[in-house]
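Novice: Below: one structure in structure tokens.
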Amino acid sequence: MSSSPSSAHWLSLVGSIWLQTINGPNADFPVYSSQLKDLKHISQVQLNFLAFASDAGKLFGWFSGVAALYLPLWLVAFVGAAFGLVGYGVQYLFLDSAGLRYWHLFLLTSLAGNGICWINTVCYLLCIRNFGSSSRVAVSLATSYLGLSAKVYTSLADSIPGLANSKAKAYLLLNAVVPMLVTVVVAPSLRVVDLTSAASTDAAFLVMFAITLATGACAVVGSIGSTSNGLSSREHMVSLGVLLATPILIPLALRIRESLNKIRETKRENRIHDLGTDDADAIERAVTIDIADGESKEGDSAAEKPREEVGGLRLLRKLDFWLYFFSYMFSGTLGLVFLNNLGQIAESRRLAQTSTLVSLSSSFGFFGRLLPSFLDYYSAKSGYSISRTGSMASLMAPMAGAFFLLLYPGDLFLYLSTAVIGTCTGAITSVAVSATSELFGTKNFGVNHNVVVTNIPVGSLCFGYFAAYLYQRGARGSHRCIGAGCYQETFVVWGATCAVGTLLCAVLYARSRSFAGRLPAAAGGAVRTSCLARLANLVS
């Protein structure tokens with residue numbers, strides 16, 4: 001009899017989903033970056049460093065992994081939300097003041113960026129510890145909602161009256177307040193619960209997939225049809241909000257089922273008691289022994305066994321780590337840099353609706369992050385485990401092609417490439433969470449993954465500065481660069497870099513492919529049959 005996630009586990013997943021939905025406040029930066037540049041009189045290079053500042057906070061993200069070893073997870077989440085509240089809140093309060101200097105903006109944005117790492121660590125650990133052999137599916141489901149962050153924040157800014165006057169201040173206010181409010185709501189659910197339930201939750205996963213697909217479809221429809229203002233915008237936000245709230249029905253339904261099962265179990269125990277003490281003791285011993293053996297065997301078969309548990313400085317001495325580090329930087333991180341520059345890219349091509357482009361990238365990023373959870377769920381059913389490094393390599397190739405497609409100046413190519421890059425970037429960042437545990441084990445995951453994602457600030461600085469330098473050179477002393485040529489060289493270099501990343505990840509896959517393949521057959525079915533046979537013999 002196998003252990004399955006109960007209502008308490010699913011409640012923690014719903015809490016993680018809601019946290020992930022609002023844990024990308026930096027994703028809306030392209031929407032108000034141009035206004036911020038004008039308001040604070042800064043150059044494109046300085047603006048790029050502000051985009052980098054949020055990623056720079058990830059350099060110290062490993063602190064959150066260490067904190068999670070000693071502090072309750074709800075407190076770790078509160079620390080992350082507090083960093084965001086201070087980082088964006090101070091900017092909101094003093095944005096119009098001359099006393100708020102550029103270096104203040106940089107430090108405050110870095111603090112808020114570090115807060116993102118703390119909340120992410122909580123969500124990853126909850127999914128891994130609470131869902132056992134289904135942890136890959138749970139992680140992919142939760143992280144998929146991070147792709148919706150930009151969409152949620154742009155929809156809120158468009159639908160709430162009074163926030164449209166100043167884009168920069170509106171987004172800074174939302175970035176500061178929303179994560180803290182959501183953390184307060186979900187804090188009671190942020191706890192690790194032992195797997196003790198025997199009831200299957202396959203149906204719960206299927207319902208969750210349906211809800212998630214509906215949410216993504218709503219986001220895409222709202223992005224593509226975004227002529228939104230006034231009432232239509234508010235209606236879209238309400239429908240999106242209802243879909244985001246719907247997952248709470250799953251733990252509620254499971255809780256009702258558990259209560260009914262408990263009532264039936266009590267009645268069954270009373271009937272067994274009437275059989276006589278000796279027979280009841282014999283049945284209890286048989287069930288206990290068989291179930292214990294079954295759970296042991298099934299747990300052994302379901303557990304993923306990496307080559308070894310790696311942590312600390314040993315991680316940095318592994319060739320696989322550096323292949324993983326640079327292949328991630330040349331793909332997922334490069335995609336994030338592209339998304340950070342969407343505002344300036346749209347402006348250079350004279351595209352009026354920057355928020356529409358950002359919403360589009362966010363919506364397709366959501367589906368990209370969701371894709372691995374589908375593959376994991378159905379591959380596990382067929383007895384196979386998909387290599388995470390192989391998945392990453394297959395996602396990098398179309399991403400490299402999309403960068404070269406951007407060399408064509410038409411708006412259609414911009415929208416198409418943004419959708420492809422958003423999808424691939426979302427999928428890679430989602431797959432990478434499980435790839436870290438696949439390559440280096442789960443024991444030191446909290447620290448290891450935060451070490452891996454230090455590639456994001458490094459890549460953001462290098463690729464972002466390169467793009468800003470070429471943009472500034474194309475502006476020829478002006479404040480803005482207009483025309484397809486502003487990012488022409490940048491797209492060529494980014495496409496070539498992504499192609500190199502594909503090659504590095506293919507090498508990593510060749511070295512690590514033994515971690516994936518045929519899963520051992522679960523022994524649960526045979527054990528359950530044996531248990532029932534013994535019960536029948538005893539009763540007869």
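The values are calculated or read from the model by the stated rules, or taken from the named source; none is laboratory data. Quantities reported herein were computed from a predicted structural model and do not represent experimental measurements. Cβ atoms come from the backbone with ideal geometry, glycine included; neighbour counts cover every protein chain shown. Note: accessible area is taken over every heavy atom of the protein model, side chains too, but ligands, DNA and RNA are not part of it. Shrake-Rupley method; radii C 1.70, N 1.55, O 1.52, S 1.80 Å.
Novice: Could you check segment 377-463 for helices (runs of 4 or more DSSP H) lying wholly inside it with 3 or more residues that are hydroxyl-bearing (Ser, Thr, Tyr), over 30 Å from Phe63 (Cβ atoms) and not assigned by the TED database to the domain that holds Gly61? Talk me through it step by step, then tell me what you get.
Specialist: Working: elements: 388-405, 411-440, 445-452.
Qualifying helices (runs of 4 or more DSSP H): 411-440.
Novice: Open to solvent by 20 Å² or more (accessible area, probe 1.4 Å), out of contact with any strand residue (DSSP E or B) (no Cβ under 7 Å at 6 or more places or on another chain), at pLDDT below 85 and among the β-branched types (Val, Ile, Thr): which single residue out of Val45, Val79 fits that description? It would help to see each step written out before you state the result.
Specialist: Values: Val79 fails: at pLDDT below 85.
Sole residue among the options that is open to solvent by 20 Å² or more (accessible area, probe 1.4 Å), out of contact with any strand residue (DSSP E or B) (no Cβ under 7 Å at 6 or more places or on another chain), at pLDDT below 85 and among the β-branched types (Val, Ile, Thr): Val45.
Novice: Return yes or no: is Lys58 under 17 Å from the mean Cα position of the chain (by Cα), more than 24 Å from Pro247 (Cα to Cα) and assigned to a helix (DSSP H, G or I)?
Specialist: Numbers: under 17 Å from the mean Cα position of the chain (by Cα): yes; more than 24 Å from Pro247 (Cα to Cα): yes; assigned to a helix (DSSP H, G or I): yes.
Answer is yes for this residue.
Novice: Search segment 30-42 for residues being in a helix (DSSP H, G or I) and of a type in the set (A, V, I, L, M), and hand back the single one that is surrounded by the fewest Cβ atoms within 10 Å (Cβ to Cβ). Steps first, answer last, please.
Specialist: The initial filter retains those residues of segment 30-42 that are in a helix (DSSP H, G or I), namely 30-40.
From the residues that got through so far, the ones that are of a type in the set (A, V, I, L, M) too are 31, 36, 39.
Working: Val31: 25, Leu36: 21, Leu39: 15.
Among residues in segment 30-42 that are in a helix (DSSP H, G or I) and of a type in the set (A, V, I, L, M), the one surrounded by the fewest Cβ atoms within 10 Å (Cβ to Cβ) is Leu39.
Novice: Can we say Ser110 is surrounded by 21 or more Cβ atoms within 10 Å (Cβ to Cβ) and more than 13 Å from the chain's Cα centre (by Cα)? Give the steps one after another, and end with the answer.
Specialist: Values: surrounded by 21 or more Cβ atoms within 10 Å (Cβ to Cβ): yes; more than 13 Å from the chain's Cα centre (by Cα): yes.
The answer is yes for Ser110.
Novice: Name the single residue that is surrounded by the most Cβ atoms within 10 Å (Cβ to Cβ) among those in segment 234-259 being without any contact (Cβ under 8 Å) to a residue 24 or more places away in the chain and either outside any helix (DSSP H, G or I) or over 26 Å from the mean Cα position of the chain (by Cα) (or both).
Specialist: Taking the candidates together, the pick is Glu235.
Novice: Out of Ala168, Ala142, I need the residue that is assigned to a helix (DSSP H, G or I) and over 16 Å from Asn23 (Cβ atoms). Which one?
Specialist: Details: Ala142 fails: over 16 Å from Asn23 (Cβ atoms).
Answer to the selection: Ala168.
Novice: Whether any residue in segment 517-540 is modelled with pLDDT of 85 or more, open to solvent by 10 Å² or more (accessible area, probe 1.4 Å) and either assigned by the TED database to the domain that holds Leu319 or of a type in the set (Gly, Ala, Ser) (or both) is what I want to check.
Specialist: Residues of segment 517-540 that are modelled with pLDDT of 85 or more, as a first pass: none.
Looking through segment 517-540, none of the residues is modelled with pLDDT of 85 or more, open to solvent by 10 Å² or more (accessible area, probe 1.4 Å) and either assigned by the TED database to the domain that holds Leu319 or of a type in the set (Gly, Ala, Ser) (or both).
Novice: From the set of residues in segment 216-233 that are at pLDDT 75 or above and surrounded by fewer than 17 Cβ atoms within 10 Å (Cβ to Cβ), which is nearest to Phe205 (Cα to Cα)?
Specialist: Selected residue: Ala217.
Novice: Using beta carbons and a limit of 8 Å, which pairs, at least six apart or on different chains, have the first residue in segment 379-398 and closer than 14 Å to Val420 by Cα and at pLDDT 90 or above and the second one among the β-branched types (Val, Ile, Thr) and surrounded by 15 or more Cβ atoms within 10 Å (Cβ to Cβ)?
Specialist: Leu395/Ile428; Leu395/Val431; Met396/Ile428; Met396/Thr502; Ala397/Thr502; Pro398/Val420
Novice: Could I ask something else about it? Output the residue which, of all residues in segment 113-150 that are closer than 19 Å to Asn450 by Cβ and of a type in the set (Val, Ile, Thr), is surrounded by the fewest Cβ atoms within 10 Å (Cβ to Cβ).
Specialist: Among those residues, the one meeting the criterion is Ile128.
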